[in-house]
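A short worksheet on the structure shown next.
The values are calculated or read from the model by the stated rules, or taken from the named source; none is laboratory data. Computed from a prediction, not measured in an experiment: that's the story for all the values here. FYI the Cβ positions are ideal-geometry reconstructions off the backbone, even for glycines, and counts take in every protein chain you see. Note: accessible area is taken over every heavy atom of the protein model, side chains too, but ligands, DNA and RNA are not part of it. Shrake-Rupley method; radii C 1.70, N 1.55, O 1.52, S 1.80 Å.
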Amino acid sequence: MGWCQDGGVGEAEKTEKITINLGVVDLGQIDLLVQEGFYANRTDFIRAAIRTQLASREAAVNQTAARRTMVLGTRHYSRGELEDIRAAGQAVQIRVLGLATIAEDVPADLALATVESVEVLGAFRASPAVKAALASRTV
């Protein structure tokens, strides 16, 4: 799967913490594989399992992302870019499968003037003021 990256986004900002509930038998099997050295820890197993599932569905993910005209990977909107969009009298639809970010120095009024909608499957990062301003436009 081809992931695009924005140079301004650090590695730590590309991960999200999730919580899952597993049955005790499944968890026991994972622990056994960890003890036997197949995986370094539970997280290593879970990441490998997720990657395997995503790889097996890669074509469907790519086709769906293309059909929905979503950016696949990371997309960062800077204050300058949004100011240029406002100056041109345009608006943007943020549609990302991965990580979408709006720079911390973007004021809420600029976001409201330039962001028509936000649809992010993954993580959306922006200042609390911008997130609050765009809440009604976020799918």
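Remarks
- Look at the alpha carbon pairs under 8 Å that are at least 6 residues apart: their mean separation over the length of the chain gives a relative contact order of 20 percent.
- Computed [θ] at 222 nm, helices only, for the chain once each DSSP H run of length n ≥ 4 contributes -39500 (n - 2.57): -12500 deg cm²/dmol
- Amide proton proximity set for residue 138, modelled H, under 5 Å, gap of 5+: 118
- Overall shape of the range 76-122 was characterised from the C-alpha gyration tensor. The equivalent ellipsoid obtained from it has semi-axes of 18, 12, 8 Å, in decreasing order.
- Entry comment: accessible area of the chain is 64 Å² per residue, from protein heavy atoms only and a probe of 1.4 Å.
- Packing-based ranking, highest mean first, of 48-61, 114-127 given that Cβ atoms within 10 Å are counted: 114-127, 48-61
- Over 16 Å [Cα-Cα, the range 46-117], rounded percent: 58 percent
- Given their separation in residues at 0.36 nm each and the Cα-Cα distance between them, residue 57 and residue 20 gain 11.2 nm when the chain is fully extended.
- For the Cα trace of the range 2-139, dividing Rg by the Kirkwood Rh returns an Rg/Rh value of 1.08.
- Of the accessible area of the range 7-139, computed with a 1.4 Å probe over protein heavy atoms only, carbon and sulfur atoms account for 53 percent.
- At R0 = 22 Å, FRET efficiency that the Cβ-Cβ distance of residue 87 and residue 119 yields, to 0.05: 0.35
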